[in-house]
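Quick note: the coordinates plus some simple rules give every number you see, no bench work behind them. None of these values were measured; they are calculated from a predicted model. Note that each Cβ is placed from the backbone with ideal geometry, even for glycine, and that neighbours are counted across all protein chains shown.
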Amino acid sequence: MPVPAVRAVSLGLRPYEEALRVQQRCVAAARSARCPPPPPRPPSEYLVLSEPARPVYAWGLRGAPTEDEAEKLRAAGAGLAAVRRGGSVTFHGPGQLLAFPVLDLKARGMQLRGYVERLQDVAVRLCQRVGAVSAAGRPPPYTGVWVGDGKVCAVGVHCGNHITSHGLALNCCTDLSWFEHIVPCGLEGTTATSLSRELGRHVTIEDILEPFLESFQEVFDCTVVFSEEPKD
């Protein structure tokens, strides 16, 4: 069965928690598309795009902050969020592109490890397209994308019943001082960077959205069309 277009839901500047809620509606829609009766329906896939409106520290299945650490993060002026994804604590905030692909790996004949590698490749190609030609992934445990010694993109995913959620966070013009309050992704000695820092010019999400979508379509061999978010 051919895989139809991936529907991009562009939220713009929204609270992180709202992007999570939209993502969950997309996951529910993707799962319902796999339900009987036969014949099987084509998969329903989404790409949720947003920019966090407020600073938030989020952590996945490991690396939750202690209560003292959490209080310090709140005192810095950020929200806190525990989410169902791989990885430890990271920062989300204005100037950062969040991309949450909701894909059916079974329909694509894809394993989770291969999916994560492709997601990283999307970010690498995007960075290289806009001029950060040294962008590259690293071997585990250094999941994500790096430019020199700086991590420009974090990757953390969840997969349930072959449907993916969460994804990547790419620093465009993010205030990097927020990363000073944490050990990014639980990796000691890791420093964060942004496309703006690496390219020596102000890079916005609007600047990189088109090359990001081009990279996504190349890597996942799909067409992306903009769509409304699914309803409850």
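May I ask for the angle, rounded to the nearest 10°, between helix 16-32 and the longest principal axis of the chain, with both axes built from Cα atoms and the value confined to 0 to 90°?
Rounded to the nearest ten degrees, it is 20.
Cα atoms only, the range 92-215: Rg and Dmax in Å?
Spelled out, the Cα radius of gyration and Dmax of the range 92-215 are 14.1, 43 Å.
Can you find, among N161, P141, A64, the residue farthest towards the positive end of the dipole of the range 6-226? Put +1 on the C-beta of Lys and Arg, -1 on that of Asp and Glu.
Looking along the dipole axis, the top candidate is N161.
Quote the convex hull volume per residue of the range 6-226, based on C-alpha atoms, as a whole number of Å³. Before the final figure, lay out the partial values.
Working: hull volume 24.8 nm³, N = 221.
Taking the convex hull of the Cα positions in the range 6-226, it is 112 Å³ per residue.
For the range 10-88, evaluate the Debye formula with one uniform point scatterer on each Cα (no solvent term) and list log10 I(q)/I(0) at q = 0.15, 0.26 Å⁻¹, rounded to two decimals.
The Debye formula, applied to the Cα set alone, gives -0.67, -1.20.
By a straight-distance test (C-alpha under 21 Å), which lysines pair with K72 as possible cross-link partners, with residues fewer than eight away in the same chain excluded?
Those lysines meeting the cut-off do not exist here.
Count charges around L195 for me, please; just the other residues with Cβ under 10 Å from its Cβ, Lys/Arg as +1, Asp/Glu as -1.
Details: positive: R197, R201; negative: E198, D207.
Summing Lys/Arg as +1 and Asp/Glu as -1 gives 0.
When you count, for each residue, the other Cβ atoms within 10 Å and take the mean per peptide, how do 99-110, 208-219, 58-69 rank with the highest first? The partial results should precede the final answer.
Numbers: 99-110: 20.5, 208-219: 17.7, 58-69: 14.7.
Packing order, densest peptide first, comes out as 99-110, 208-219, 58-69.
Whole Å is fine, so just give me how far the alpha carbon centre of the range 85-127 lies from that of the range 141-163.
Distance between centres, Cα-based: 6 Å.
Considering only C-alpha atoms, what is the centroid distance from the range 182-232 to the range 4-78, in Å?
Result: 15 Å between the Cα centres.
Output the peptides 141-153, 111-123 sorted from most to least packed, where packing is the average of other Cβ atoms within 10 Å over each peptide's residues. Walk me through the numbers before you get to the answer.
Working: 141-153: 19.8, 111-123: 18.1.
So the peptides 141-153, 111-123, ranked by packing, come out 141-153, 111-123.
Note down the magnitude of the dipole of the range 6-226 about its Cα centre, charges +1 on Lys and Arg C-beta and -1 on Asp and Glu C-beta and zero elsewhere, to the nearest 20 debye. Working shown, then result.
Working: 23 positive and 22 negative charges, 160 e Å.
So the dipole magnitude of the range 6-226 works out to roughly 760 debye.
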